[in-house]
Amino acid sequence: MVIVGYYAHGNKHYVAFKDETDAKDRFMITDGFHDRPVTERNQGKYEGYVKIDKTECNIKKIIGRIRGTRPWHPLLRLLQKEVG
C-alpha cells in the first residue's frame, strides 16, 4: 500500500492511496469512512478535488475515523507512521 497524495474538497480532506494489485491508472480515495475508487472512467466525479500538501491535510481526523470504523484497514498503520 502506497499513499499517492492528499486532497481537499470543500472543507473535507482525503487521502489517496494505491494497492499493489491496482492497475496503473486506478487508485482509491478515502475520507476515513468510505474508500472510493478513482479510475479513468469516473474521474469526472472528482474534478473539484484539489491536491494539497501533507501538512495542510488533517491526517489525525482521518486516522480517528478509520480507527473507529475499520481498525483492521492496512492504511491505518501507514498513516500513523506519516503522523509520527
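Return the pairs, sorted by first residue and then second, in which the second residue is open to solvent by less than 70 Å² (accessible area, probe 1.4 Å), the first residue lies in region 67-84 and is without any contact (Cβ under 8 Å) to a residue 24 or more places away in the chain, the beta carbons are less than 7 Å apart, and the residues are 6+ apart or on different chains.
ARG67/LEU76; HIS73/ILE66; LEU76/ILE63; LEU76/ILE66; GLN80/ILE63
Sort out which residues of region 40-75 are assigned to a loop (DSSP other than H, G, I, E, B) and at pLDDT below 90, and write them in order of number. Outline the logic, then answer.
Step one: filter region 40-75 for residues assigned to a loop (DSSP other than H, G, I, E, B), giving 40-42, 47-49, 53-58, 70-73.
Matches in region 40-75: GLU40 only.
Considering each residue of region 2-26, count those that are out of contact with any Phe, Trp or Tyr (no Cβ under 6 Å at 6 or more places or on another chain) and open to solvent by 40 Å² or more (accessible area, probe 1.4 Å), and give that number.
Matching residues across region 2-26 total 12.
Which numbered condition trips up ILE29, out of (1) part of a helix (DSSP H, G or I); (2) within 10 Å of TYR6 (Cα to Cα); (3) among the aliphatic types (A, V, I, L, M)?
ILE29 satisfies all of (1) part of a helix (DSSP H, G or I); (2) within 10 Å of TYR6 (Cα to Cα); (3) among the aliphatic types (A, V, I, L, M) except (1).
From (1) assigned to a strand (DSSP E or B); (2) touching a His at 6+ places or on another chain (Cβ under 7 Å); (3) of a type in the set (Gly, Ala, Ser), pick out the condition that doesn't hold for ALA16.
Exception for ALA16: condition (2).
Restricting to region 36-70, give me the number of residues that are open to solvent by less than 50 Å² (accessible area, probe 1.4 Å) and either charged (D, E, K, R) or under 16 Å from ALA8 (Cβ atoms) (or both).
10
Mind checking which residues of region 71-84 are open to solvent by 30 Å² or more (accessible area, probe 1.4 Å) and on the phi < 0 side of the Ramachandran plot?
Initial filter on region 71-84 (open to solvent by 30 Å² or more (accessible area, probe 1.4 Å)): 71-72, 74, 77-78, 80-84.
Across region 71-84, the qualifying residues are PRO71, TRP72, PRO74, ARG77, LEU78, GLN80, LYS81, GLU82, VAL83.
What are the pairs, 6+ residues apart or on separate chains, where a residue within region 1-19 that is under 18 Å from PRO37 (Cβ atoms) has its Cβ under 6 Å from a residue that is open to solvent by 60 Å² or more (accessible area, probe 1.4 Å) and of a type in the set (Lys, Arg)?
Filtered contacts from region 1-19: GLY5/LYS51; TYR6/LYS54; TYR7/LYS51.
The values are calculated or read from the model by the stated rules, or taken from the named source; none is laboratory data. What you see is a predicted model, and the numbers here were worked out from it, not measured in a lab. As a convention, Cβ positions derive from the backbone with ideal geometry for all residues, glycine included, and neighbour counts pool all protein chains shown. SASA here: full protein model, heavy atoms, side chains in, ligands and nucleic acids out. Shrake-Rupley method; radii C 1.70, N 1.55, O 1.52, S 1.80 Å.
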